[in-house]
Each structure stands twice: as C-alpha cells, then as structure tokens.
Amino acid sequence: MSWTLGILGGSGLYDIDGLEKREWVRIDTPWGETSDEILFAELNGVRLRFLPRHGRGHALSPSSVNYRANIDALKRAGCTDVLSISAVGSLQEAFAPGDFVAVNQFIDRTHERESSFFGPGCVAHVSVADPVCARLSGLAADAAQSAGAHVHRPKDGEHLTYLAIEGPQFSTKAESAIYRSWGADVIGMTNMPEAKLAREAELPYATLAMVTDYDCWHPDHASVDVASVIAVLQENAAKAAGAVRALCETLGGTTRTPCPSGIETVLDVAMITAPDARDAAVMRKLDAVAGRVLSDE
C-alpha cells in the first residue's frame, strides 16, 4: 500500500519546489462546503492532498471552518494519513517562538463547532484517548528536524498537550494562567474537533505545531498580536515546507503498512445503533467516513 498524505495548513506549503501533477480539485461532501479546493500533487513518489484550512487568502475564522466537510473530503480524496501544520502560542518557557512541537494530546475548549459525524440516526463512540498517530507524528518530527527546525517531541509516557480554544480572540491573562496550571503546553484554535473527526473517519492524524508567541502570560514578552504571529510564521515557512519535502522523501522509499495502533479499524467497535434502527439519510452521508463498516452490515 502506498502513502497518500493529506496536509492541512497554510498557503506557503502549496508552493514547494518539486511538486508534480498539480491540480486544484473541488470535492463535494454531504457535510457542506470545504474550506477550499484541494490541491492534488505528487512529491518524491508520494501523493499529496493539500487543503488550506482557512481557504486561500485566509477568509475563514477558526470557528467558521467546516471541519466535517474538510475531513470527509480528504477521505474521499484517498488520503491514508493526515498531517496538520498549525500556528500555536506557547504556554511553557521551554517552547520558544520559532520552535516546532509534535503534540500528542489535546484539551478541547471549543463549543461552537460540529464535533462528530455521528448522531441521531447512527450513533458511534470512538476512543480518542490517544488522539495522535505516534508513527506519523514521529516521522513528521524527524522531517521537521532534518529541515532545520528545533523540534520538541514527547518522551516515553510524556504528554505534550495542545489546548484548543474557540477564538477568534486571543486569551485573557487569567485564562492563560489557568491553562498553564492545567499543564497544557501550546494553545491554538483549529486542531479540535479536527483530530476527533479524523479519528471517526479512521484517518491517522498528527500535528506539527509551530510556536509563534508566548500567548499573553510571559512577563518578558508582549501580548500576542497578528503582526507578531505572521512575522514568525514567515520565518518558519521554509522549515515547514522543508519538513513536508523531507517527510515525502522518507515515505516515498517505504511501503505503507497499517497504523500500528489500529486507527484504520476503530469503527469496528464503535457503532452502537442497530442496523435496523439506522436512518437511511444519515447512512448516505456517512458513505465516505464509515462506508467500510456500513457496507459490511
């Protein structure tokens, strides 16, 4: 089996030198409009599917992104794995602006977003105890390091935690202090419910979080603003693109095997609604996300 890597991230990633067979493709989903068309391309023998999370030109706020449509479309595009490359604020002194963090846990503080493909008419409960694919995360961290990034990765048994807030406003100082007391490491606005939806779609998911600021808690740094975020993002753009290139060099030389943690089969033990009680209209919407299990029943 070969790799087809979906990438959710900023526009600078789509201009990587060496991309071949480039074509922007609109994929319709039963969950509504995706953030943008998807760029189909190849690099070092790896099929890539780039989706601008906020749309080209950054027209969508974090809360207006249609996360269900985006993940469904990546599944329809044939993705075997999904990598998020995201800007975050740091909640820890050791994670400085410009660093990359391979997070492996999330705290979801969003409340305005549709967070599941399942509900009335077809109920399923997946485990997100370990929401990140360790294999993909490790490969992405290795690639970022080889591209010159300073990468923080979890040691055995360690949690590096991304706290997701609704936004679009940045945190208050009181909120930032609370999040630090919880042991969260970075803060962002986009990776939830994205990671949960990827798990429901049986897609191994990982995040490379690019630190742009110290949120507003650090006494020696000014509170975060858009100008400072963009400045650091521009500095990191080459490293992010280099990470994608290096990751494809690694993946292109390997045969993909199933995820060691069994992510591609989580729905086998998640479906709870009896077949004769399922809503036909809901089932049709789940054709890409859960078609593997639904077609067997």
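The values are calculated or read from the model by the stated rules, or taken from the named source; none is laboratory data. Remember, it's a predicted structure, so these values are computed and weren't measured experimentally. Glycine also receives a Cβ, built like all others from the backbone with ideal geometry; neighbour counts cover every protein chain displayed.
Looking at this structure, is Leu60 buried (at least 20 other Cβ atoms within 10 Å of the Cβ) and either of a type outside the set (S, T, N, Q) or over 30 Å from Ile178 (Cβ atoms) (or both)? No, not satisfied. When the range 154-187 is limited to residues that are small (Gly, Ala, Ser) and within 15 Å of Ser64 (Cα to Cα), the one that is surrounded by the most Cβ atoms within 10 Å (Cβ to Cβ) turns out to be Ala164. Just to be sure before I move on: is Lys196 modelled with pLDDT of 90 or more, farther than 23 Å from Ala94 by Cα and crowded, with 16+ Cβ neighbours inside 10 Å in the structure I sent? Spelling it out, Lys196 is indeed modelled with pLDDT of 90 or more, farther than 23 Å from Ala94 by Cα and crowded, with 16+ Cβ neighbours inside 10 Å.
Filter the range 119-140 for residues that are closer than 20 Å to Met192 by Cα, small (Gly, Ala, Ser) and not in a loop (DSSP other than H, G, I, E, B) and give the result. Across the range 119-140, the qualifying residues are Gly119, Ala124, Ala134, Ser137, Ala140.
Figure legend. Inter-residue proximity from the range 268-285: first residues assigned to a helix (DSSP H, G or I), second residues among the β-branched types (Val, Ile, Thr), beta-carbon distance below 8 Å, spacing 6+ or different chains. Indicated pairs: Asp268/Val293. The residue list Asp215, Asp220 contains one member that is outside any helix (DSSP H, G or I) and modelled with pLDDT under 75, which is Asp220.
Among the residues of the range 166-208, those identified as over 18 Å from the mean Cα position of the chain (by Cα), in a helix (DSSP H, G or I) and either in contact (Cβ under 8 Å) with a residue 60 or more places away in the chain or under 21 Å from Val101 (Cα atoms) (or both) are Ser176, Ala177, Ile178, Tyr179, Arg180, Ser181. If the condition is being closer than 21 Å to Ile7 by Cα and not aliphatic (A, V, I, L, M), then the range 263-297 contributes only Glu264. Scan the range 219-234 and tell me whether some residue there is touching a Leu at 6+ places or on another chain (Cβ under 9 Å), touching a residue at least 60 places away in the same chain (Cβ under 8 Å) and of a type outside the set (Lys, Arg). No, the range 219-234 has no match at all. Considering the range 35-74, the residues that are of a type in the set (D, E, K, R) and closer than 21 Å to Glu20 by Cα include one that is nearest to the chain's Cα centre (by Cα), namely Arg49. When Thr34 is tested against (1) surrounded by 20 or more Cβ atoms within 10 Å (Cβ to Cβ); (2) closer than 18 Å to Leu163 by Cα; (3) polar (S, T, N, Q), exactly one condition is not met: (2).
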